[in-house]
1. List the number of the failed condition for LEU48; all other conditions in (1) more than 15 Å from MET1 (Cβ to Cβ); (2) open to solvent by less than 50 Å² (accessible area, probe 1.4 Å) hold.
2. Could you tell me how many of the residues in the stretch 25-39 are more than 14 Å from ARG68 (Cβ to Cβ) and open to solvent by less than 80 Å² (accessible area, probe 1.4 Å)?
3. Checking the conditions here, which among GLN24, GLN15 is polar (S, T, N, Q) and farther than 18 Å from GLU3 by Cα?
4. Against the condition under 17 Å from ASP21 (Cα atoms), open to solvent by less than 60 Å² (accessible area, probe 1.4 Å) and out of contact with any helix residue (DSSP H, G or I) (no Cβ under 6 Å at 6 or more places or on another chain), how does ARG58 come out, does it pass?
5. Which is open to solvent by less than 100 Å² (accessible area, probe 1.4 Å), in contact with a Gly (Cβ under 9 Å, 6 or more places away or on another chain) and at pLDDT 95 or above, of LEU72, LEU80, LEU53?
6. Can you find a residue in the stretch 93-101 that is at pLDDT 95 or above and outside any helix (DSSP H, G or I)?
7. Could you check how many residues of the stretch 6-20 are buried (at least 17 other Cβ atoms within 10 Å of the Cβ) and free of Cβ contacts under 8 Å to residues at least 24 places away in the same chain?
8. Go through the stretch 46-74 and report how many residues are touching a strand residue (DSSP E or B) at 6+ places or on another chain (Cβ under 9 Å), touching a residue at least 24 places away in the same chain (Cβ under 8 Å) and not basic (Lys, Arg).
Amino acid sequence: MREPTFHILTALADQPRYGYDIIQEVSTLSNGRVSLQAGTLYAALDRLTDEGLIHADREEVVRGRLRRYYQLSDTGGAALRTEIARMRADAEAAEARLRRPGTARPQVAS
């Protein structure tokens, strides 16, 4: 799973959100590393909907503009949990290698 997809699914894990809200939440979750443009986001939302990972929750009109809210599906929650487990296993493998005798340690400047 690519990082933007991971963050979009994570943004939707706790509540339904609309486009601009998803963009802001992804930026917050990634500490600014992932910055989604509207076109990229909506293409991703269409793909994730087609894959059954998310679904439209509701629509509302705010200041004359339509907002479509998206929600994580059960399949999307399972995919997110699987990715979290994979990332955790990868991090543990990296940490184990760093603990091996003879592994280069960063030098601290004095």
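The values are calculated or read from the model by the stated rules, or taken from the named source; none is laboratory data. Bear in mind that the values here come from a model prediction, so they are computed numbers and not experimental data. Cβ placement follows ideal geometry from the backbone for every residue including glycine, while neighbour counts extend to all protein chains displayed. To get the accessible areas, we keep the full protein, side chains included, count just its heavy atoms, and leave off ligands, DNA and RNA. Shrake-Rupley method; radii C 1.70, N 1.55, O 1.52, S 1.80 Å.
1. (1)
2. Of the residues in that region, 9 qualify.
3. It is GLN15.
4. Against the criterion (under 17 Å from ASP21 (Cα atoms), open to solvent by less than 60 Å² (accessible area, probe 1.4 Å) and out of contact with any helix residue (DSSP H, G or I) (no Cβ under 6 Å at 6 or more places or on another chain)), ARG58 does not qualify.
5. LEU53
6. For the stretch 93-101, residues at pLDDT 95 or above and outside any helix (DSSP H, G or I): absent.
7. The total comes to 1.
8. 8
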